[in-house]
Amino acid sequence: MLRKIERFMKTMPVIAPFSASENVSRMQSSSTLAAMQAAEALRAAGADVVDFGAGEPDFDTPDNIKFAAQEAMRAGRTKYTSTGGIRALPQSIINFYQTQFGVEYQPNEVMGTSGGKQAIFNAIVTLLNPGDEALIPKPYWVTFPEIVVFAGGKPVFIETEETGFVLTVEQVERAITPRSKLLILNSPSNPSGRVLPTAEFRKIMELAADRGLYVISDECYLRFVYPPAEIFSAATLPAELRARLCIAGSFSKTYAMTGWRVGYSLAPAEWTKAMLKVQGHCTSNPNSIAQYAAIEALTGPQESVATMLAEYTKRRAWLLGELRNIPGIKCGEPEGAFYAFPDVRGCLTGKLKTSAEFAKHLLEEEQTVVTDGAAFGAEGFVRMSYATSMAQLEEGVKRIRRFAERYV
Ligand SMILES: Cc1ncc(COP(=O)(O)O)c(C=O)c1O
């Protein structure tokens, strides 16, 4: 791992012609952001758009967090900090995992990052050498394969539709090859909302340990789980199953802080040291003011999280009930996050051939935004975020029903 990072630093071109960067030319731009932009363009043209595309809470950042940021600014906390954050940031993350899950992490195993996305980026580029394979269950968050490609690795996708998009240990086992180095898990999942049952999670981690695989567990939606499903962090696994594990966490969703750009990683000390090196040479420390806000988020009152969860619970129940009654649409059970991931193949029997066409026509004909499932590796599905008001949900569902009835 360390040899890899040393080579990464030495070979980074100072200025490369864009066309010369093969890895970057193989990357796709973010389709979820593209959906957001399409909606913005329509809105700017005066259309009454219903937007199910958002990958972020529709709540404002809680006031106590904003006040902490104001106070940090007033006190002049506006300078560089150490790369992984001021000491209190990793410490508040350690304390959170200790009180919430009863696990002990050491300061040299924790670092603050500019969003969970950077934690995942750091973890992948410090690990993969050209040709190394990264196992990515479908449907996947769009950024996973792109970072793997950026690092010169090869994404190897695991099909999970036969098990309702819930990964099983057998599926992982079948996908492993001698070149497999990394497995990326994401529970609750974006886009499917599915939660990996604890027993299966453990079996998968046992298999990974047995085969010497590294694992990234993206736990950005950790706190948004709907009973009877239970919150589970890979941090609670026994030490021998965590020896090659990096957890990526985020403040974005839990505390409605997507714009603040703070996240973190929990990983073995040697891996963390390599990640600090990468981060130190690209973005340095997470925004200093946002660090104070994040500390307040973790250590201050937690009512806002419960309020958001209660609201998502209500919307989720309503939305699933409605979607399951629309002709041509089927919808599985998303136990976490704030997404429904309906199967729209029942509407793709005539003029519409793909989920991309479904999304495009829905936008054009009903000014309603959903994200094409093919972007997440699941053709025939669309992602709908219910991080939007009940009024918008009701209006959007009415439009989708009208649309589906036209095509089914
Ligand atoms: C599955 C998943 N992981 C990570 C992230 C990154 O979040 P952030 O960088 O805002 O912390 C997102 C954001 O949409 C996500 O959906």
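The values are calculated or read from the model by the stated rules, or taken from the named source; none is laboratory data. Computed from a prediction, not measured in an experiment: that's the story for all the values here. When we count neighbours, we look across all protein chains shown, and the Cβ atoms used for this are built from the backbone with ideal geometry, even at glycine.
Quick notes on this one:
Every residue, every condition in (1) more than 18 Å from the chain's Cα centre (by Cα); (2) within 16 Å of the ligand (Cβ to nearest atom); (3) closer than 25 Å to Pro268 by Cα, yes or no:
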position: Glu71; (1), (2), (3): yes, no, no
position: Asn95; (1), (2), (3): yes, no, yes
position: Phe121; (1), (2), (3): no, yes, yes
position: Glu146; (1), (2), (3): no, yes, yes
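- Any hit, the range 367-387, residues being under 16 Å from Ala54 (Cα atoms) and out of contact with any helix residue (DSSP H, G or I) (no Cβ under 9 Å at 6 or more places or on another chain): yes
- Just one of the listed residues (Arg26, Arg3) is charged (D, E, K, R), within 30 Å of Ala151 (Cα to Cα) and at pLDDT 65 or above, namely Arg26.
- Residues in the range 216-234 that are touching a strand residue (DSSP E or B) at 6+ places or on another chain (Cβ under 6 Å) and either in contact (Cβ under 8 Å) with a residue 40 or more places away in the chain or buried (at least 22 other Cβ atoms within 10 Å of the Cβ) (or both): Ile216, Ser217, Asp218, Glu219, Cys220, Tyr221, Phe224, Val225, Ala234.
- Complete set of residues in the range 170-194 that are touching a residue at least 40 places away in the same chain (Cβ under 8 Å) and either more than 16 Å from the ligand (Cβ to nearest atom) or acidic (Asp, Glu) (or both): Ala175, Ile176, Thr177, Arg179, Ser180, Lys181
- Scanning the range 125-157 for residues that are aliphatic (A, V, I, L, M) and either surrounded by 20 or more Cβ atoms within 10 Å (Cβ to Cβ) or within 21 Å of Gly115 (Cβ to Cβ) (or both) yields Val125, Leu127, Leu128, Ala134, Leu135, Ile136, Val142, Ile147, Val148, Val149, Ala151.
- The C-beta contact set for the range 330-348 (first residue under 14 Å from Ile400 (Cβ atoms), second residue part of a strand (DSSP E or B) and of a type in the set (Gly, Ala, Ser), distance under 9 angstrom, 6+ apart or interchain) comprises Cys331/Ala340; Ala340/Ser385.
- The set of residues in the range 227-263 being within 9 Å of the ligand (Cβ to nearest atom) and under 13 Å from the mean Cα position of the chain (by Cα) consists of Ala248, Gly249, Ser250, Phe251, Ser252, Lys253, Thr258, Gly263.
- Scan of the range 344-366 for residues that are over 27 Å from the mean Cα position of the chain (by Cα), outside any helix (DSSP H, G or I) and not hydroxyl-bearing (Ser, Thr, Tyr), ordered by number: Leu348, Gly350, Lys351, Leu352, Lys353
- Near pairs, Cβ below 8 angstrom, 6+ apart or cross-chain, from the range 142-156 (assigned to a loop (DSSP other than H, G, I, E, B)) to any residue that is small (Gly, Ala, Ser) and crowded, with 22+ Cβ neighbours inside 10 Å: Val142/Ala375; Gly153/Ala134
- Test: residue in the range 250-272 that is in a helix (DSSP H, G or I) and within 29 Å of Ala75 (Cβ to Cβ): yes
- Within the range 127-141, being assigned to a loop (DSSP other than H, G, I, E, B), out of contact with any Asp or Glu (no Cβ under 8 Å at 6 or more places or on another chain) and under 14 Å from Asn190 (Cβ atoms) holds for Pro139, Tyr140.
- Filtered residues of the range 67-87 (kept if surrounded by fewer than 16 Cβ atoms within 10 Å (Cβ to Cβ) and either of a type outside the set (Lys, Arg) or touching a Lys or Arg at 6+ places or on another chain (Cβ under 8 Å) (or both)): Phe67, Gln70, Glu71, Met73, Ala75, Gly76, Thr78, Tyr80, Ser82
- Inside the range 325-351, residues that are within 24 Å of Gly164 (Cβ to Cβ) and away from the ligand (no atom under 16 Å from the Cβ) make up a count of 17.
- Residue count for the range 170-201 under the criterion of being closer than 20 Å to Arg244 by Cβ and either polar (S, T, N, Q) or surrounded by 16 or more Cβ atoms within 10 Å (Cβ to Cβ) (or both): the result is 17.
- Search result, residues across the range 341-381 that are of a type in the set (A, V, I, L, M) and in contact with a Leu (Cβ under 8 Å, 6 or more places away or on another chain): Leu363, Val369, Val370
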